[in-house]
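Student: Below you will find the structure I want to go over with you.
The values are calculated or read from the model by the stated rules, or taken from the named source; none is laboratory data. This one's a predicted model, so the numbers in the text were calculated from it and none came from an experiment. For neighbour counting, all protein chains shown are included, and Cβ atoms are generated from backbone atoms with ideal geometry for every residue, glycine included. Quick note on the areas: whole protein, heavy atoms, side chains included, nothing else; ligands and nucleic acids left out. Shrake-Rupley method; radii C 1.70, N 1.55, O 1.52, S 1.80 Å.
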Amino acid sequence: MEQLLSDPPSCINEAGTWCQQIWRLTGNEWLAGSANWLVAKPLSILLIVVVAVLVRYLVRKLIDRLTRTPADDADGGSGRLPALLRPLRERAPEVLGPVVIERRRQRAMTIGSVLKSLTTVVIYGLAFVMVLGEIGINLAPILASAGIVGVAIGFGAQNLVRDFLSGIFMMLEDQYGVGDVVDVGEAVGTVEAVGLRITTLRDLNGTVWYVRNGEVLRVGNSSQGYAVGVVDIPLSYNTDVQRATTLLEEVAAEAAARPAIAPDVLEPPEVLGVENVTPEGTQLRLTVKVRPGRQWAVQRALRAEILPAFERAGFEPPLGRFFGNGSTGTAN
C-alpha cells in the first residue's frame, strides 16, 4: 500500500502536459498530480476573462465611434447624422439647429446604450458559461433553472419589458425626439428627455410629465418635417368678403416678410376663404407653412398684425353692435 501511495502519477509520462513540467521542476507528486487544477484551469479561466474584457472593450469603443456626431470643421457644429443612424429612417426636420442636433445625439446615444448593454450581457454570459465548463460543472441543470427563472421574471415584469421594447422601437422608428411638441394622450408638451422606459414632457404650464413608453398607444407629433399655422379671423355677417380676403392676403404677406417671423416661414401665407359661418358671424381662414414647432409663434404674430389692420380698414367684428363702438362701421 505504501508503495502504491508513493508511485508518481501516470500523467508525468504524457509529453507536453503541465503534470510532466511540474514533475520535472519540483519532483513533487501532489503538485504534479494537481497541475491541471493549479495551473492549467486557472490559466484557461484567466484567458477567457481577459479575452471577454478585451472584446467587450473593443465593441463598446466601436459603438461609441458609431454614435459620435461628426463635427464640421467650419463651425464646430454637428449637422450630419451619426454613423449609427444613417441606415435608419429619420423623421427629424431638415432645418439644422441646437434642438435637432440634441435630438440626433440623444437618439444615437440611447440606441448605443442598448447595444452596449446587449453586448455586455452576451459576451460576459458566454464567458461565464465557458468558465463553468472549464471548472467541470454540469451546465444542463443550470441552464434549465435559468430558463425557468427567466420565464417567471418575464411574467412578473411584463410592464417593464413592454416599456423597454416600446422605447427601443420608438428610438429605431424616430417617432419623436428631444424638442418635439407631442400629444401622447393625457399629456401634451415639449419632449425634454427620451429614455428606454419613460419619456419626459413639459407642458405649457411648466408641469413635467413622466410617460411610460409602454402606455403610449398613439402619438401626435407637431414637430416633424413642417407645421401649419392656422389663423381664423372673425367678421360680421355684412362684411365684404372679397375686400376682406384681399386685405388679409396683403397684411399676411407683409407680416410674413418681417424679420421677426420670416426665418420661420417656409411658404407664403394662403387665404382659404370663408371657413365657418356661426350665429355670431363668419370666419376667414389663413394658413401658412412654417418650421416645425413654430406654428404658435407665427400665428400670434400674424394675429397681432391682421386684427389691427382690419380695425383700421373699418371692418366690424362679430356682434360689434353690442359694444357701443359706433366708429367702426360696415366696410363697403
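Student: Residues of region 129-188: accessible area per residue at 1.4 Å, in Å²?
Tutor: Counting only protein heavy atoms, the per-residue value for region 129-188 is 58 Å².
Student: Continuing with the same structure: Between Asn159 and Leu46, what is the spin-label point distance in nm, taking each point 7 Å from the Cα along the Cα→C-beta axis?
Tutor: 4.9
Student: Then there is this: How far apart, in nanometres, would the label points at Val188 and Asn276 be if each is projected 7 angstrom from Cα along the Cα-to-Cβ direction?
Tutor: So the label points at Val188 and Asn276 sit 1.4 nm apart.
Student: With a 1.4 Å probe and all protein chains kept in place, how much accessible area does Ile148 have, in Å² rounded to the nearest 10?
Tutor: Near enough 120 Å² of accessible area.
Student: Something else about it: Determine the relative contact order of region 180-326: mean sequence separation of Cα pairs under 8 Å and six or more apart, normalised by residue count, in whole percent.
Tutor: Relative contact order here is 24 percent.
Student: Further question: Taking Lys61 as the anchor, which lysines have their alpha carbon closer than 16 Å to its alpha carbon, excluding any fewer than eight residues away along the same chain?
Tutor: Straight-distance partners of Lys61: Lys116.
Student: Follow-up question, since we're still on this one. Would you mind putting 247-258, 168-179 in packing order, based on average other-beta-carbon counts within 10 Å, highest first?
Tutor: 168-179, 247-258
Student: On a 1.4 Å probe surface of the protein chains, which of Leu204, Leu272, Leu66 comes out largest in accessible area, and what is the full order?
Tutor: Leu204, Leu272, Leu66
Student: Moving to a separate point now. Highest mean first, how do 132-139, 298-305 rank when packing is the count of other Cβ atoms within 10 Å averaged over residues?
Tutor: 298-305, 132-139
Student: Still on this structure, I have one more. In the neighborhood of Gly273, defined by Cβ-to-Cβ distances under 12 Å, what is the net charge if each Lys or Arg adds +1 and each Asp or Glu adds -1?
Tutor: Neighbour charge sum, excluding Gly273 itself: -3.
Student: Moving on to the next point. Estimate the FRET efficiency between Val121 and Asp203 by the formula 1/(1 + (r/R0)^6), using the beta-carbon distance for r and 30 Å for R0, to the nearest 0.05.
Tutor: FRET efficiency, Val121 to Asp203: 0.20.
Student: Once Lys and Arg get +1 and Asp and Glu get -1 on their Cβ, which of Gly225, Ala256, Val178 lies farthest toward the positive end of the dipole of region 173-332?
Tutor: Highest projection toward the positive end goes to Val178.
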